[in-house]
1. Hey, can you tell me all the residues within the stretch 38-71 that are among the small types (G, A, S) and part of a loop (DSSP other than H, G, I, E, B)?
2. Can you confirm whether the stretch 79-89 contains a residue that is among the polar types (S, T, N, Q) and out of contact with any His (no Cβ under 9 Å at 6 or more places or on another chain)?
3. Is one or more of the residues making up the stretch 48-64 more than 18 Å from D121 (Cβ to Cβ) and exposed (fewer than 15 other Cβ atoms within 10 Å of the Cβ)?
4. Would you confirm, using the coordinates I've provided, whether E26 is surrounded by 14 or more Cβ atoms within 10 Å (Cβ to Cβ), more than 24 Å from D106 (Cβ to Cβ), in contact (Cβ under 8 Å) with a residue 24 or more places away in the chain and of a type in the set (D, E)?
5. Suppose we keep only residues that are buried (at least 18 other Cβ atoms within 10 Å of the Cβ) and aliphatic (A, V, I, L, M) within the stretch 82-111. Which one would you say is modelled with the lowest pLDDT?
6. In contact with a Ser or Thr (Cβ under 9 Å, 6 or more places away or on another chain), acidic (D, E) and within 18 Å of P116 (Cβ to Cβ): does that describe E26?
7. Scan the stretch 72-105 for residues that are touching a strand residue (DSSP E or B) at 6+ places or on another chain (Cβ under 8 Å) and not in a strand (DSSP E or B) and report the count.
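The values are calculated or read from the model by the stated rules, or taken from the named source; none is laboratory data. Small disclaimer: the values here were computed from a predicted structure and weren't measured. Cβ coordinates were reconstructed from backbone atoms using ideal geometry, including for glycine residues, and neighbour counts include every protein chain displayed.
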Amino acid sequence: MMNEKLTPNGIHKLIEREGHFSGRHEPTLQIINIRRVPANALTDVYWAVLSDGQNSIEVVISTHLSHLVQSGQLVEHTLVAVESYQYNITDDNIHIVSVCAVDILDGIPDGIIGEPVSVLDRIHKRDVKDGDHHFFDDEEEGQWDDDGAAEEPLTWSLDRPSDFCDWTIEVTRISSSPASSSLGNKHGRGG
């Protein structure tokens, strides 16, 4: 079964603490969506949604991995082992995961594995103590806010434009095609 190929709680492992990590967990995740966002006249930036089958999170694919998207090696539903990544939370509580190195696994499933939900919809920033961020699931005891008005996480939607900015950008969805295949090679660490 394909679900067994994904790392249980792999998304939580990516965001358990801030910093740059290489060879730490290497969770196997599925790309469930990938988009091209023009950064300037010379560079395209690719954003993807990664899933562990239960949770998902939006990530940025490092520009030195753009050729993998452009060549059709990284497409929707591709399975990857995330070998190196950077995770930060901005002062505005925006969670940023940048994928720096991946191992593309053989075989592309026909569709999305499991029923993933955005981890940012499930987890809230509860507190910052001694520089560490503390999180908890909504299903755990209590609510993080006393007034009952939870702050909506900043995520992009396929259905409606976001209301947190006054500008727009053009994005292109990158879909898998029967002609595309994974090569099972490691990418991002110079080889």
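1. If we filter the stretch 38-71 for residues that are among the small types (G, A, S), which is where we start, we get 39, 41, 48, 51, 53, 56, 62, 66, 71.
Within the stretch 38-71, A39, A41, G53, S62, S71 qualify.
2. Step one: list which residues in the stretch 79-89 are among the polar types (S, T, N, Q), which gives 84, 86, 88.
Now drop any that are not out of contact with any His (no Cβ under 9 Å at 6 or more places or on another chain), which leaves none.
Checking the stretch 79-89: not a single residue is among the polar types (S, T, N, Q) and out of contact with any His (no Cβ under 9 Å at 6 or more places or on another chain).
3. At the first step, the residues of the stretch 48-64 found to be more than 18 Å from D121 (Cβ to Cβ) are 60-64.
Of the ones still in play, those that are also exposed (fewer than 15 other Cβ atoms within 10 Å of the Cβ) are 63-64.
Scanning the stretch 48-64, I find at least one residue that is more than 18 Å from D121 (Cβ to Cβ) and exposed (fewer than 15 other Cβ atoms within 10 Å of the Cβ), so the answer is yes.
4. When the stated conditions are applied, E26 does not pass them.
5. This residue is I108.
6. Details: in contact with a Ser or Thr (Cβ under 9 Å, 6 or more places away or on another chain): yes; acidic (D, E): yes; within 18 Å of P116 (Cβ to Cβ): no.
The answer is no for E26.
7. Within the stretch 72-105, the first condition is being touching a strand residue (DSSP E or B) at 6+ places or on another chain (Cβ under 8 Å), and the residues that meet it are 73-90, 93, 95-105.
This time we only want the ones that are not in a strand (DSSP E or B), so: 73-78, 90, 93, 105.
Result for the stretch 72-105: 9.
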